1. Please tell me if N236 is more than 23 Å from P40 (Cα to Cα) and without any contact (Cβ under 8 Å) to a residue 60 or more places away in the chain.
2. Can you tell which of L22, L26, L35 is within 14 Å of ligand 2 (Cβ to nearest atom), touching a helix residue (DSSP H, G or I) at 6+ places or on another chain (Cβ under 9 Å), outside any strand (DSSP E or B) and in contact (Cβ under 8 Å) with a residue 40 or more places away in the chain?
3. Suppose the filter is touching a residue at least 12 places away in the same chain (Cβ under 8 Å) and within 15 Å of D123 (Cβ to Cβ); does V103 pass it?
4. Which one is farthest from ligand 1 (Cβ to nearest atom), of the residues in region 29-65 that are polar (S, T, N, Q) and crowded, with 24+ Cβ neighbours inside 10 Å?
5. Any chance region 146-160 includes a residue that's in a loop (DSSP other than H, G, I, E, B) and under 28 Å from D50 (Cβ atoms)?
6. Return the residues of region 52-99 that are among the hydrophobic types (A, V, I, L, M, F, W, C), under 14 Å from L34 (Cβ atoms) and not in a helix (DSSP H, G or I); say none if nothing qualifies.
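Just so you know, all these numbers are worked out from the coordinates, no wet-lab data involved. From a predicted model like this one, the values you see are computed outputs, not experimental measurements. Neighbour counts run over all protein chains shown; Cβ positions are idealised from the backbone, glycine included.
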Amino acid sequence: VTALAMAHFKGGTAKTSTAVNLSASLAREGRKVLLVDCDPQANASETFIDESEITGTLRTVIRDQVPVQKVIQATRIGGLWVLPSAFELAILANELVVSYNGVQRIEKALRPVRGDFDDIVFDTGPNLSPLTLGALVAAEQYIIPVSAAVWSMTALYKFVGWIEEQRRDEVIEATLMGLLATMVGSRTRIGDKVVAEIRASAYPSFDTVIPRRVGAEDAVANKAVAGDPEMNPDLNEAYKAFAAEVVGKMPRKRGGAHRAITEQ
Ligand SMILES: Nc1ncnc2c1ncn2[C@@H]1O[C@H](COP(=O)(O)OP(=O)(O)OP(=O)(O)O)[C@@H](O)[C@H]1O
Ligand SMILES: [Mg+2]
């Protein structure tokens, strides 16, 4: 299993869009995927499950000690399951602050099911809350969606600096899989500038660029994701290419730890 967190403390950079479309794309390629929603806004969860049908969250597992298997819900897409969020995760964030080893609780909550999935994808909120940190602790790699907007690069450097501090303090071990340029308008100065800066930066990045399309708002409203017939074809193509790149960048784990040691 490879656990991947979508993260950025800047709001509205397409973290949730990236998480739901990546999860759907991976599942549609035949992989078993668990989407873990760590944002109290619950937009990723509600893309796949009606709010009224969400029966439990990470708080149900961590605070109420309900087995995580009972909280994970199937979706309309074969191969894709969701560990949903709800507003109560905002309360869990505070509970994690006063809990011993609070930042490790999400990793611990998922431990019983980690081996059941090929991929675990975390969506996180636009903040540095214990939920975001907890998702990064549970992840092996993270992806930062960077929107083509004026303040994007300054926000990116601040966020990467914060993550580096967490790594230095040995709170997280996750490494950056790549920066993903999102909402890139064609032939716009800011779009070209952000893509060029990402490429010129010291950080790994994805070749795929997610274009800005008016249809993206309709997709969110209609709860359509990559691979659905009503999805904008350009976005469909971009998310498919992005998912393929993600798989290509995943660490090879064939043979397990023993083989990795003997090969060294
Ligand atoms: N490729 C795109 N083209 C146009 N609009 C987009 C695109 N991707 C996302 N959006 C729109 O931008 C808004 C923010 O997207 P999204 O919710 O994915 O961002 P986010 O980073 O998860 O936000 P938050 O920080 O609140 O969690 C949404 O209304 C979405 O419809
Ligand atoms: Mg979001």
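1. Values: more than 23 Å from P40 (Cα to Cα): yes; without any contact (Cβ under 8 Å) to a residue 60 or more places away in the chain: yes.
Answer is yes for this residue.
2. On the way: L26 fails: within 14 Å of ligand 2 (Cβ to nearest atom); L35 fails: outside any strand (DSSP E or B).
Every option except L22 fails the conditions.
3. Details: touching a residue at least 12 places away in the same chain (Cβ under 8 Å): yes; within 15 Å of D123 (Cβ to Cβ): no.
No.
4. Taking region 29-65 as the starting set, the residues that turn out to be polar (S, T, N, Q) are 41, 43, 45, 47, 52, 55, 57, 60, 65.
Those still in the list that are crowded, with 24+ Cβ neighbours inside 10 Å too: 45, 47, 57.
Values: S45: 12, T47: 10, T57: 16 Å.
Filtering first and then ranking leaves T57.
5. Taking region 146-160 as the starting set, the residues that turn out to be in a loop (DSSP other than H, G, I, E, B) are 148-151.
In the following step, the residues that additionally are under 28 Å from D50 (Cβ atoms) were identified as none.
No: zero hits.
6. Residues of region 52-99 among the hydrophobic types (A, V, I, L, M, F, W, C): 54, 58, 61-62, 66, 68, 71-72, 74, 77, 80-83, 86-87, 89-93, 96-98.
Okay, now just the ones that are also under 14 Å from L34 (Cβ atoms), so 58, 61, 68, 71-72, 74, 77, 80-83.
Within region 52-99, I72, A74, I77, L80, W81, V82, L83 meet the criteria.
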